[in-house]
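Some notes on the structure that comes next.
The values are calculated or read from the model by the stated rules, or taken from the named source; none is laboratory data. Being a predicted model, the structure only gives us computed values, none of them experimental. Backbone-built Cβ (ideal geometry, glycine too); neighbour counts: all protein chains shown. Surface accessibility is based on the protein's heavy atoms, side chains included, excluding ligands, DNA and RNA. Shrake-Rupley method; radii C 1.70, N 1.55, O 1.52, S 1.80 Å.
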Amino acid sequence: MYQAVRGTKDIYGSQAELFRFIRNTCFAVVEKYGFSEVMTPIFEFVEVFQGLGQGSDIVNKEMYGLKDRNGEHLVLRPEGTAPIVRMLISHKMLHELPKKFSYFGPMFRYERPQKGRQRQFHQFGVEHFMATTPASDVLILNMAAQILTALGIDDFTLELNSLGTVEEQANYASMLCTYLNHHKDKLSADSLRRLSTNPLRILDSKEECDKELLRSAPHIVDNLGAQSKNYFNQILKHLQALDLPYKLNPRMVRGLDYYTGLVFEFTSNHVGSQNTLLAGGRYNNLVANMGGTSVEAIGFAAGIERLALVLEERIALRGLKKVAIISLLPETEPTCLSLMHKLTQASEGFELHYIEEGNNLSKKLKRANKILADFALILGPEEHRKQTIMVKNLTTGHQAEFPQADIKNIMAFWAQSQGE
Ligand code: HAM
């Protein structure tokens, strides 16, 4: 028997409904902030992702590479930011800034699968190009918080840090290296390796020995220049004014190397170790590094699977009410089909099922019960003669007859019976 590839999932039934709810809610919130949807291909030339960082795990270990028949070296996108920057440059949109984009789609990373971590997963994200003042950082954070609240998640924690400019990061990295070099013997093997490749990533280590050592390490926010410090303080001030609670996390560095300035994560206590629901930050150099001009930008992405993990325990999605359409004679079929057509156009909150199986009322009703229909519309010889239709509430047994054209009252009967 064929199996889905490790780290991938088929999404169907209530999961698919939940995904749709999450997707629609995300887009509805960011639309109000002027973000419009874009769709980029799921594979790109490998070079597109070089800006993610030569020292990052995503580039070094996690990309799904493929060679096409033409010998082109392509990769399945591990994230959405670099492809959107590529799009911005290749479509000459740099002349039309500011731009605000939103996106939804699958991403691919060769990671060790666990709860909340897959090899194919989905992200909803936004990118704001030419975001130049602390107000844009705060609007992005507020919008992210609003998405979570709109989904029904209000027990999240917003963690913040500022990484400063590339120069400030380099200065801090050498300061950190000096400190850690004095304690090399206490570092984990992974961190020891990172000391020469990407020392900032050591801050993110989950190893107890590293964590212990980092408790007395210098903090990046304490070593920013005046301008970066001032900018970060402005963000914090605005957040306080907006009443959006946050926690400073001086050890947050994120897994991608393109960040400068603000970085942030919205975490939940409910999804195990992979608890970052939504994360992002500012990336003021990426557009220039990928061949564009210098454009200040900020964005985030939310992990849909992780949001779904939190939400599946909490919300019973309001399933659509099911209506079974039952025609009992060959002559009544055209009327039933036409009724179904009109009802699909007129009704909301219902799904209509044309019952094909069974050749008498009791067999058709059995079928309707099997699909858990809430209502049946029945057209038999008697109704055919009178040009009516019988509407039956299958839960209560309550029924009423309506003229066939009386769509309005048929729907009123469904709506009314819902409250019974
Ligand atoms: P990221 O932190 O790598 O950032 O991913 C964002 C979110 O995607 C994570 O917080 C998590 O919820 C979800 N995610 C990441 N990897 C997996 C996985 N293997 N399985 C399930 N969910 C996962 C980015 O991707 C940046 N592009 C975000 C950004 C946009 N920064 C600026 N603009």
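Per residue, the chain exposes 51 Å² of solvent-accessible protein surface, assessed with a 1.4 angstrom probe and all protein chains in place.
Taking each residue as 0.36 nm, the span from GLN399 to ASN223 lengthens on full extension beyond its C-alpha to C-alpha distance by 55.9 nm.
So what's the chain giving for Cα Rg divided by 2.2 N^0.38 Å, two decimals?
Cα Rg divided by the expected 2.2 N^0.38 Å: 1.28.
Counting only residues at least eight positions apart within a chain, or on another chain, the lysines with an alpha carbon under 19 Å from that of LYS363 are LYS322, LYS392.
Which angle from 0 to 90°, rounded to the nearest 10, does the C-alpha axis of helix 13-31 make with the longest principal axis of the chain? Roughly 60 degrees between the two axes. The charge dipole of the chain, taken about its Cα centre with unit charges on the Cβ atoms of Lys, Arg (+1), Asp and Glu (-1) only, comes to about 520 debye. When the Gaussian network model of the chain links Cα atoms closer than 10 Å, the mean-square fluctuations of ARG119, ARG367, ARG254 top out at ARG367.
For segment 1-111, the convex hull spanned by the alpha carbon atoms encloses 142 Å³ per residue. Modelled spin-label separation between ARG69 and ARG20, with each label point placed 7 Å from Cα along the Cα-to-Cβ direction: 3.6 nm. Once the Cα atoms are used to define both axes, helix 134-151 deviates from the longest principal axis of the chain by about 40 degrees. For chymotrypsin sites (Phe, Trp or Tyr not before Pro), the sites in segment 1-106 that DSSP calls loop and that have at most 11 other Cβ atoms within 10 Å are TYR2, TYR12. Taking amide H as placed 1.01 Å from N in the peptide plane, the amide H of ILE389 sits under 5 Å from that of PHE402, GLN404, each at least 5 places away or on another chain.
Tell me the angle of helix 333-346 to the major Cα principal axis of the chain, expressed in degrees between 0 and 90 and rounded to the nearest ten. Computed tilt is about 40 degrees. Entry note: segment 242-325 has Rg to Rh equal to 1.17, where both radii use alpha-carbon atoms and Rh is the Kirkwood radius. For LYS99, give me every one of the lysines with a C-alpha distance below 29 angstrom, ignoring sequence neighbours fewer than eight places off in its own chain. Candidates past the 8-residue exclusion: LYS32, LYS229, LYS237.
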